[in-house]
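To keep things clear, I will list the structure first and then write my remarks on it.
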Amino acid sequence: MKQLNTTKNEQSLNWVGKRVKRIDGPEKVTGELKYMTDLHFDNMVWGKVLRAKYPHAKIKSIHTLNAEKLPGVVCILTHKDIPGFNGFGIVIPDQPVLCSNIVRCTGDAICLVAAESEEIAERALELIDVEYELLEVVTDAEKAMTASAPQLHPDGNIHSHVKIKNGNTEEAFIEANIIVENTFYSPRQMHAFIETEGGWSVMDADGFITIHCPGQYAHRDRMQIARALAYNPERIRVISSPIGGAFGGKDEITVQIYLALLAMHTNGRPVKIHLSREESVIAGIKRHPFKVHMKTAAKKDGTLIANEVRAVADTGAYASLGGAVIALAIEHSCGPYKIPNVNLEGFCVYTNNGISGAFRGFGVNQVCMGIETHLDMIAERLNMDKVEIRKKNVYHQGEISSLGHIVKSSVGTFKTLELAENCDLWKNRRQYKSAVSEPWKKRGVALATSFHGIGMGIGLPDYGAASIEILSDGKFLVAVGCEEIGGGNSTAYAQVAAEILNCDINNIKVVQGDTSRTLDGGTVTASRSTYTGGRAVATAAPNMVKLLTNTAAELLNVPPSKIEVLPNCLNANGKVVNYQTIYQYLFEHHRSTRVEGHFILPKEKVEIEGSGGAPHHLYGYLTHVVMVEVDTLTGETDVLRVVSIPDAGKVINPQGLEGQAEGGAVMGIGYTLYEDVVIENGFHKTRNFTDYIIPTIRETPLIETFPVEDTPEESGPFGAKGIGEVVMIPIIAAIMSAIYDATGARIYHLPATPERIFNALKELKKQNVYSSR
Amino acid sequence: MLVSEIEVVTPATLKECLTMIANEDMNTRLIAGGTDAVVRMKEGKWRPSTWVNIKGLRELRYIIEKDGAIHIGPLTTHTDIIKSSLLQKKANVLVEASREVGAIQMQNVGTIGGNIGTASPAGDTLPALYVLNTVLELSTRNSKRIVPIEEFFTGPGRTILKKNEMITNIIVQPHGENEIGIFQKLGPRKAQSISIVNVAISLLMEKDRQVLSGKIAFGSVAPTIIRAKKCESILTLHPLTDEMIQNVAKVAWKEVMPITDVRATAEYRRDMASSLLERGLYRLMRRWENK
Ligand SMILES: Cc1cc2nc3c(=O)[nH]c(=O)nc-3n(C[C@H](O)[C@H](O)[C@H](O)COP(=O)(O)OP(=O)(O)OC[C@H]3O[C@@H](n4cnc5c(N)ncnc54)[C@H](O)[C@@H]3O)c2cc1C
């Protein structure tokens, strides 16, 4: 990969690497920003979705007549009103837009209603009569894989099966001095964004449809909408920003197609859908619950020699990104280690349990808890230091990973472990642990490390694109497809642009997530948007510098080589040209005021057979150290301190990195201790935030972030790479191990609720009584 | 009843309010802070034809000492209770309970009358009111009656309150010189959570760790709040050493009859009745010794 001509040395950087305030901060903090679902217009009508009454049933008939007769109802649509293909799904479109003959989960949509008010729309839903014939409900992924289970899709219940084999595990297990083997269960986490799924749309008199709906890839959403509508995508505009949080939950189509369909039937009036929290719980995408069976072997000296993994992911009724999730899980199931013999296998399985899809971490969360717990167990049996065993087994740049490929990009694990070892919490852990406030409380300190691929795997095109336009007021409009989902990429783009254009950051405006105003630059997922979008901006910006230079040269009648790019202006022989003048000149001469930058992500050339896209070329790495306090009387666990040590390459914005590290840590705490969407027999037991427990500020500990920066990634903008997901991963295993360190009880089933911890302690007490007899 | 069809009336005085709810033709329900009422309305459970909005009735918002008792107006918010130096000094167990209701936002608008009116077995101020020997004044337009709190609830969400009646005064017995109390709550997290189990304890101490008499009330482990009478009688047998505390706590397990729901299993609730009692008594003894 060619070195960017824009890499300046540290001292000369004005914006990159500096604590720059979020450009979208003030309006979000003050509440001034209006999300698209906040908007209301006088002539707006309300859209509502009729969901399935049962998790698995045949639809015998749908009667809408009574509902149609209700005063105030504008239209009622069924599958018959879909002009194009009745399905959606990022990888395979197996989810019906509106079900016609079968429902496979209670989130399934059957009818759409538009009405003068929300209440009338709700009333209309009640008046629609759907006759069902109940079918057997598939509630368990393991059972779904057996021959006797009802088949939910034509190709059976196994949506995907991935496998990676390297070396010879059977021999290694015979050679091994230590083998640990366990099964881990992980919860169905909800994204719990502040803004539930929703948006509005309108069709103009010429039939042009505009959809205002938060998403994570407007250009792809448009294609999915066009397919269902059998409509020219050029006649559809999708505006996907601003967004009240996404975390992967708005990667798939949410309500965009419903909005578009309704807009075709409301006589040009805008139509809005906004899911209630209850509906979002049922119909929104969740994190895949996994069952992970793992068997890990080591030699006496702590060298890992084999790992066997079997992971089963419950994708619910439809695939969405389930196949990619299980593939990424398997790719990461051995941790950032070099284990010579591995036998890894993953299944993504259909059930009638809602729908699972993309979520920050994308399968890695569920396997990290296995391998990291095993490392601790092995270290304990060998009486070996927990940092030492990891240092011994991590791969370094240029070494062969467990998957058998040479890791060519930067690898920071070792450095993060060194930093962890020397941080105050780890060094003084004995002292901290003894400082409990009450005699029945126990403290534990533990660490874990993990990694996460950046960008798409092999087999998926992965590119970035950005444009920069000079505006009449002399400002630059930086346009990137990747949406601002709250991670702070807009500020990163502004920093990169300001740095290269040599202007003040206030001179940069950023527009994102709009098919009419931004180029297609891929998703805001896969920890890729700062890296990819930032690199695309860094590719476009020199073109703008060239345009400015050439124009200034023309204006001043000097050769371009005489032009100096100064802060906020250009200069030749003491004559200064400002940006407004340049715009004016271009405008008067009918010349383009816009430049573009395109970038293709570096990829590995050879795919590991059967892996579903592994390996990635690039990974971000991170080590977490945590301290917990367990109340042994109740099982309540407090995370008291977190140290987050990311290897993000060059940090574009330390404040932004801390935001990610802190938010990720809290999300990881929620995953480990509190969160689960409980579904029984296909019906949701969890209704809303009354019983879906996410951490509040009182569950938020002191979180310190110490980035490792001496491994810049050459291909990234100024040496940056992605960090948006790994920030929530190792903390999961670290908390689990810290609970063990505190109490001696291991929890294999998350979330580690007070009840689960208490019961594990009870069990431990029984065993101790028994063994001391 | 659609939400948009529900009327809201706002009486200016208590008298006006009592007249409104006396109207047989109107399907009314009181709304104070609305932190339970609005949630239940949204769920479709409480849809009266008219909300009687009493939030502004200043005359029902007070905390005063009178004839050896403390009178608390039903419109007193949890924040009022938390900030009251009178209650901090003489009924701290109630202050601690109010501090555990939701979080600051809920405490600022939620009222004690509403907490009682909702009659949830998990209502956090209720066990505290039990151990403070609370009596409620219930008024209609032309009558008043006084009912001990233990007789007020008939089941989850159910009370003896008649349609034309409302709570107008909450009278608690303050703690004397040698009386101490504590409230303990276990929820799925520290704030904004419904109790899995809660307990209020009030002890009259003799000297050292000897208890003269004690009251223990559990929430969330039975259809209404319940007193743990066996534990209460065992409390006085021996000085409350750490070992004795454990013995008393074990008995709590037998006094409760919880159910399983999304938040916890019955078995865990049972165990937690013991744990919270143990934790509470331990902390209370620490406080007593540091007094
Ligand atoms: C996010 C959240 C968290 C919460 N957390 C907790 C918690 O931790 N612990 C807890 O105990 N509760 C909790 N609650 C419930 C609620 O906040 C409390 O019960 C509060 O005290 C209710 O008071 P209110 O004034 O809002 O009652 P309202 O909602 O106004 O009324 C509740 C009921 O009481 C009746 N009522 C009100 N005043 C009177 C009166 N004077 N006479 C007769 N009936 C009357 C009303 O008719 C209604 O039926 C929570 C609620 C929310 C929304």
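General observations
- Any hit, the stretch A:685-698, residues being away from every other protein chain (no Cβ under 14 Å) and either touching a residue at least 60 places away in the same chain (Cβ under 8 Å) or under 23 Å from B:ARG270 (Cα atoms) (or both): no
- Single unsatisfied condition, A:ASN688 versus (1) at pLDDT 95 or above; (2) polar (S, T, N, Q); (3) more than 29 Å from A:ALA742 (Cβ to Cβ); (4) out of contact with any Lys or Arg (no Cβ under 7 Å at 6 or more places or on another chain): (4)
- If the condition is being more than 14 Å from chain A (Cβ to nearest Cβ), closer than 19 Å to B:GLY219 by Cα and part of a loop (DSSP other than H, G, I, E, B), then the stretch B:234-291 contributes B:VAL256, B:MET257, B:ILE259.
- Residue, least open to solvent (accessible area, probe 1.4 Å), within the stretch A:105-138, restricted to residues that are in a helix (DSSP H, G or I) and out of contact with any helix residue (DSSP H, G or I) (no Cβ under 7 Å at 6 or more places or on another chain): A:ALA121
- Any hit, the stretch B:132-146, residues being more than 14 Å from chain A (Cβ to nearest Cβ), crowded, with 22+ Cβ neighbours inside 10 Å and in contact with a Gly (Cβ under 8 Å, 6 or more places away or on another chain): yes
- The set of residues in the stretch A:407-436 being touching a residue at least 12 places away in the same chain (Cβ under 8 Å), among the small types (Gly, Ala, Ser) and open to solvent by 60 Å² or more (accessible area, probe 1.4 Å) is empty.
- Number of the exception - B:LEU136 against (1) within 18 Å of B:VAL199 (Cβ to Cβ); (2) within 12 Å of the ligand (Cβ to nearest atom): (1)
- Cross-chain or 6+ apart pairs with Cβ under 8 Å, the stretch A:52-64 first and on the phi < 0 side of the Ramachandran plot and among the charged types (D, E, K, R), then outside any strand (DSSP E or B) and crowded, with 20+ Cβ neighbours inside 10 Å: A:LYS53/A:THR106
- Filtering B:GLU59, B:GLU16 for residues that are within 14 Å of the ligand (Cβ to nearest atom), over 20 Å from the mean Cα position of the chain (by Cα) and in a helix (DSSP H, G or I) leaves a single hit, B:GLU59.
- Close contacts from the stretch B:29-53, counting a first residue that is within 6 Å of the ligand (Cβ to nearest atom) and a second that is open to solvent by 70 Å² or more (accessible area, probe 1.4 Å) and among the hydroxyl-bearing types (Ser, Thr, Tyr), with Cβ to Cβ under 6 Å and a gap of 6+ residues or different chains, come to none at all.
- Matching helices (runs of 4 or more DSSP H) fully within the stretch B:70-130 where at least 1 residues are near the ligand (Cβ under 6 Å from one of its atoms) and buried (at least 21 other Cβ atoms within 10 Å of the Cβ): B:112-118
- Strands (runs of 3 or more DSSP E) fully within the stretch A:398-500 counting 3 or more residues that are in the same structural domain as A:ASP520 (by TED's automatic domain parsing): A:463-470, A:476-480
- Apart from one condition, A:GLY455 fits all of (1) touching a Leu at 6+ places or on another chain (Cβ under 7 Å); (2) open to solvent by less than 10 Å² (accessible area, probe 1.4 Å); (3) modelled with pLDDT of 95 or more; the exception is (3).
- Qualifying residue in the stretch B:182-190 (condition: within 14 Å of chain A (Cβ to nearest Cβ) and small (Gly, Ala, Ser)): yes
- Considering the stretch A:169-218, and only residues there that are out of contact with any strand residue (DSSP E or B) (no Cβ under 6 Å at 6 or more places or on another chain) and of a type in the set (D, E, K, R), the residue that is nearest to A:ILE732 (Cα to Cα) turns out to be A:GLU195.
- Restricting the stretch A:661-683 to residues that are surrounded by fewer than 24 Cβ atoms within 10 Å (Cβ to Cβ) and more than 18 Å from B:ARG263 (Cβ to Cβ), the residue that is nearest to the other protein chains (Cβ to nearest Cβ): A:VAL666
- Which listed residue, of A:GLU604, A:GLU596, A:GLU629, A:GLU658, is in contact (Cβ under 8 Å) with a residue 12 or more places away in the chain and within 14 Å of chain B (Cβ to nearest Cβ): A:GLU629
Every residue, every condition in (1) touching a Lys or Arg at 6+ places or on another chain (Cβ under 7 Å); (2) open to solvent by 50 Å² or more (accessible area, probe 1.4 Å); (3) at pLDDT 95 or above; (4) aliphatic (A, V, I, L, M), yes or no:
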{"site": "A:THR525", "(1), (2), (3), (4)": "no, no, no, no"}
{"site": "A:ALA536", "(1), (2), (3), (4)": "no, no, yes, yes"}
{"site": "A:PRO542", "(1), (2), (3), (4)": "no, no, yes, no"}
{"site": "A:THR551", "(1), (2), (3), (4)": "no, no, yes, no"}
{"site": "A:LEU555", "(1), (2), (3), (4)": "no, yes, yes, yes"}
{"site": "A:PRO567", "(1), (2), (3), (4)": "no, yes, yes, no"}
{"site": "A:SER592", "(1), (2), (3), (4)": "no, yes, yes, no"}
{"site": "A:ILE600", "(1), (2), (3), (4)": "no, yes, no, yes"}
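- Verdict on A:GLY649 being surrounded by fewer than 24 Cβ atoms within 10 Å (Cβ to Cβ) and on the phi > 0 side of the Ramachandran plot: no
- Consider the stretch A:750-773 and keep the residues that are away from chain B (no Cβ under 14 Å) and more than 21 Å from B:SER275 (Cα to Cα). The one that is modelled with the lowest pLDDT is A:ARG773.
- Scanning the stretch A:718-754 for residues that are in contact with an Asp or Glu (Cβ under 9 Å, 6 or more places away or on another chain), surrounded by fewer than 24 Cβ atoms within 10 Å (Cβ to Cβ) and part of a helix (DSSP H, G or I) yields A:GLY719, A:TYR740, A:ASP741, A:ALA742.
- A:VAL496 vs. criteria away from every other protein chain (no Cβ under 14 Å) and buried (at least 24 other Cβ atoms within 10 Å of the Cβ): yes
- Residues that are open to solvent by less than 60 Å² (accessible area, probe 1.4 Å) and either modelled with pLDDT under 95 or away from chain A (no Cβ under 14 Å) (or both) within the stretch B:24-43 comprise B:MET26, B:THR28, B:LEU30, B:ILE31, B:ALA32, B:GLY33, B:GLY34, B:ALA37, listed in sequence order.
The values are calculated or read from the model by the stated rules, or taken from the named source; none is laboratory data. All figures in this text were calculated on a predicted structure; none of them were measured in a lab. In this analysis, Cβ positions are derived from the backbone assuming ideal geometry, glycine residues included, and neighbour counts consider all displayed protein chains. These area figures cover heavy atoms from the full protein model, side chains too; ligands, DNA and RNA do not enter into them. Shrake-Rupley method; radii C 1.70, N 1.55, O 1.52, S 1.80 Å.
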